[in-house]
Amino acid sequence: MMTLHPAIARVTDRVIEKSKASRRRYLDMIAVQSEKGVHRSGLGCANLAHGFAASGEDKALIRDGHAMNIGIVTAYNDMLSAHQPYARYPEAMKMFAREVGATAQVAGGVPAMCDGVTQGQDGMELSLFSRDNIAMGTAIALSHGMFEGAALLGICDKIVPGLLIGALRFGHLPTILIPAGPMPSGLANKEKQRVRQLYAEGKVGREELLEAESASYHGAGTCTFFGTANSNQMMMEMMGLHMPGAAFINPGTKLRTELTRAAVHRLTAIGKRGDDWRPLGHCVDEKAIINACIGLLATGGSTNHAIHLPAIARAAGVQIDWQDLDELSAAVPLIARVYPNGSGDVNHFHAAGGMGFVIRELIDAGLLHPDIMTVGGNDLTDYGREPRLEGEELIWQDAPAHSLDDSMLRPPATPFLPDGGMRLVTGNLGRATFKTSAVDKERWQITAPARVFDSQEAVQAAFKAGEFTHDVIVVVRFQGPRANGMPELHKLTPPLGVLQDKGFKVALVTDGRMSGASGKVPAAIHCTPEALGGGPLSLVCDGDMIRLCGHDGILELLVDAATLAARQPAEAPVLPDGTGRELFAMMRHGADGAERGASAMLAAAGL
């Protein structure tokens with residue numbers, strides 16, 4: 001194992017230093033909750049009777065109060081393919097708990113919306129703030145004081161960050177996240193992308209497009225591209241919050257079941273009454289957050305985590321920003337190419353060596369903190385192994401010594417790119433994220449005239465009308481958290497990709513989001529400050545020259561200061577009621593900036 005890379009050590013030290021006061025407040029808070037908070041043993045008789053009234057055969061054990069009672073927080077629904085397998089998890093987990101003399105109850109359910117269903121629709125404007133809703137739902141579930149440990153059932157985009165943020169406010173409890181795994185591979189990703197572009201060009205119809213999408217998203221389990229959902233699973237491994245190697249085992253398999261059983265058994269072993277107490281708030285510390293950042297960069301994960309990671313960190317009293325991510329990106333090589341950054345999906349990635357290979361190689365190269373408290377082993381080195389069944393017994397073995405597919409997975413000594421490919425770009429248009437790892441290097445720099453739009457629908461209309469006839473930087477503004485909830489702008493990828501394939505230089509600049517499902521076209525996203533309230537994007541006019549450079553970290557409007565000072569900010573479009581958007585008005589109005597995590601809840605809490 002090599003000495004820790006100096007840049008990683010420097011960023012870690014800086015994060016620890018700037019987090020001193022907030023981290024101390026957090027640790028003090030969970031210490032008080034551990035000793036003096038609401039506990040089952042301290043509940044009044046009526047309170048306790050309510051808590052076990054319907055617990056059937058577990059009633060006597062819960063009433064007695066000496067065995068661990070695990071609170072299950074589930075994001076189950078059967079509309080979302082990734083979460084459909086969770087339907088029977090609670091009953092199985094109760095049986096697994098009984099095997100080791102413990103009990104389990106469903107503490108509560110949280111919503112789980114699917115960005116794949118809502119993309120391009122009004123419902124997407126609820127998406128980002130569903131994370132805060134999930135965090136609050138998790139807190140409500142655990143507030144009863146009936147539990148000595150927590151099991152979080154969630155996988156997808158806002159759901160894992162929301163579950164984790166909520167659970168961190170109960171950081172005195174040992175907590176394990178339990179995934180359900182990706183669906184088996186379907187239609188090849190390149191073919192799916194080809195059909196999407198043909199549809200955007202009007203060369204195939206809706207029937208052909210639906211057939212291709214149905215062949216890609218075809219069964220139970222997480223979507224197989226390396227978007228935000230699978231990036232969540234990668235990060236939970238990097239932070240040591242899963243059982244080792246649990247992220248990418250398919251649903252419905254014996255190995256999947258045994259990993260869930262092992263997670264329940266492990267929770268009982270790391271409780272406060274044993275000799276190996278591992279509370280969530282001590283597992284998620286500055287080094288664990290840095291490890292999550294490094295995993296994101298090394299694997300080319302979703303840019304959504306440039307927003308989620310600061311929010312998760314704040315919930316644990318840790319302060320990180322995009323400068324930290326940028327400096328880590330310069331030090332961490334890209335060692336995985338998973339669709340949309342490569343041709344194979346997460347099943348192929350897992351077969352090539354997967355998370356066990358990634359973690360072991362990064363540790364051996366001095367690119368990760370191995371010395372963190374994990375839920376599934378002594379430290380993170382145990383996550384450099386992979387689970388398998390030996391007969392009926394679950395064991396862990398060393399990950400492959402070499403990548404089994406070097407077109408998808410490589411060691412740090414021979415990476416795909418020398419850096420992690422998530423750059424901070426700054427200038428007079430603010431601060432933004434540029435995922436360079438998804439874009440061919442010759443496209444990292446562009447200077448072109450702006451076309452300014454206030455919605456992705458307006459961009460699509462201009463594309464269909466044939467208005468893009470030269471190099472262009474498309475500016476889509478009033479898409480920030482305070483304007484309309486910061487929806488993902490997925491529908492821009494096919495038309496902009498078509499323009500780029502025609503030979504035009506094209507880029508996107510927006511205060512909205514584009515997830516790990518997007519790529520190919522250079523994009524400065526999450527621009528902060530956002531356009532609403534007079535942010536610099538509100539001053540851009542059609543024809544203004546903009547320079548975007550991923551090499552030098554530049555996002556610049558090439559208009560002199562005097563001209564800009566004379567302009568009035570554009571007015572934001574009025575956000576209509578309907579689809580429940582009006583119910584999220586307080587979240588929009590109270591949200592802080594993207595670099596802070598775009599959260600009204602955390603801002604109001606002073607975290």
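In this structure, does Tyr26 turn out to be at pLDDT 95 or above, of a type in the set (Phe, Trp, Tyr), crowded, with 19+ Cβ neighbours inside 10 Å and touching a Gly at 6+ places or on another chain (Cβ under 9 Å)? Please lay out each step first, then the result.
Working: at pLDDT 95 or above: yes; of a type in the set (Phe, Trp, Tyr): yes; crowded, with 19+ Cβ neighbours inside 10 Å: yes; touching a Gly at 6+ places or on another chain (Cβ under 9 Å): yes.
When the stated conditions are applied, Tyr26 passes them.
Based on what the data block shows, is Glu327 more than 18 Å from the chain's Cα centre (by Cα), touching a residue at least 12 places away in the same chain (Cβ under 8 Å) and more than 27 Å from Arg266 (Cα to Cα)?
Numbers: more than 18 Å from the chain's Cα centre (by Cα): yes; touching a residue at least 12 places away in the same chain (Cβ under 8 Å): yes; more than 27 Å from Arg266 (Cα to Cα): yes.
Taking the combined requirement at face value, the residue satisfies it.
Among the numbered criteria (1) over 16 Å from Asp544 (Cβ atoms); (2) touching a helix residue (DSSP H, G or I) at 6+ places or on another chain (Cβ under 7 Å), which single criterion is violated by Val475?
(1)
Out of region 71-89, which residues are closer than 12 Å to Ile178 by Cα and free of Cβ contacts under 8 Å to residues at least 60 places away in the same chain?
none
Just give me the residues in region 553-574 being assigned to a loop (DSSP other than H, G, I, E, B) and free of Cβ contacts under 8 Å to residues at least 60 places away in the same chain, in sequence order. Steps first, answer last, please.
So in region 553-574, the residues assigned to a loop (DSSP other than H, G, I, E, B) come out as 553, 558-560, 567-574.
The answer is Val559, Asp560, Arg567, Gln568, Pro569, Glu571, Val574.
Based on what the data block shows, is Gly202 small (Gly, Ala, Ser), surrounded by fewer than 23 Cβ atoms within 10 Å (Cβ to Cβ), farther than 30 Å from His66 by Cα and outside the structural domain of Leu80 (by TED's automatic domain parsing)?
Values: small (Gly, Ala, Ser): yes; surrounded by fewer than 23 Cβ atoms within 10 Å (Cβ to Cβ): yes; farther than 30 Å from His66 by Cα: yes; outside the structural domain of Leu80 (by TED's automatic domain parsing): yes.
Yes: the conditions hold for Gly202.
Could you tell me how many of the residues in region 533-552 are assigned to a helix (DSSP H, G or I) and surrounded by fewer than 19 Cβ atoms within 10 Å (Cβ to Cβ)?
Residues of region 533-552 assigned to a helix (DSSP H, G or I): 536-539.
Next cut, surrounded by fewer than 19 Cβ atoms within 10 Å (Cβ to Cβ) only: none.
Qualifying residue count, region 533-552: 0.
Sort out which residues of region 451-497 are of a type in the set (Gly, Ala, Ser) and over 23 Å from the mean Cα position of the chain (by Cα), and write them in order of number.
Ser455, Ala458, Ala461, Ala462, Ala465, Gly466, Gly497
So which pairs qualify, if the first residue must be in region 165-176 and under 17 Å from Ala600 (Cβ atoms), the second must be hydrophobic (A, V, I, L, M, F, W, C) and surrounded by fewer than 24 Cβ atoms within 10 Å (Cβ to Cβ), the Cβ gap must be under 7 Å, and the two must be at least 6 apart or on different chains?
So the pair list comes out as Gly166/Met136; Gly166/Ala139; Arg169/Ala139.
Pick out the one residue from Ala604, Ala598, Ala566 that is among the small types (Gly, Ala, Ser), surrounded by fewer than 17 Cβ atoms within 10 Å (Cβ to Cβ) and either over 28 Å from Leu164 (Cβ atoms) or in contact with a Pro (Cβ under 9 Å, 6 or more places away or on another chain) (or both).
On the way: Ala604 fails: either over 28 Å from Leu164 (Cβ atoms) or in contact with a Pro (Cβ under 9 Å, 6 or more places away or on another chain) (or both); Ala598 fails: surrounded by fewer than 17 Cβ atoms within 10 Å (Cβ to Cβ).
None of the other options fit; the residue is Ala566.
Among the candidates Ile363, Ile372, Ile312, single out the residue that is in a loop (DSSP other than H, G, I, E, B) and β-branched (Val, Ile, Thr).
Matching residue, one of Ile363, Ile372, Ile312: Ile372.
The values are calculated or read from the model by the stated rules, or taken from the named source; none is laboratory data. Bear in mind the structure is a predicted one, so any value in this text is a computation, not a measurement. Note: ideal-geometry Cβ built from the backbone for every residue, glycine included; neighbour counts use all protein chains shown.
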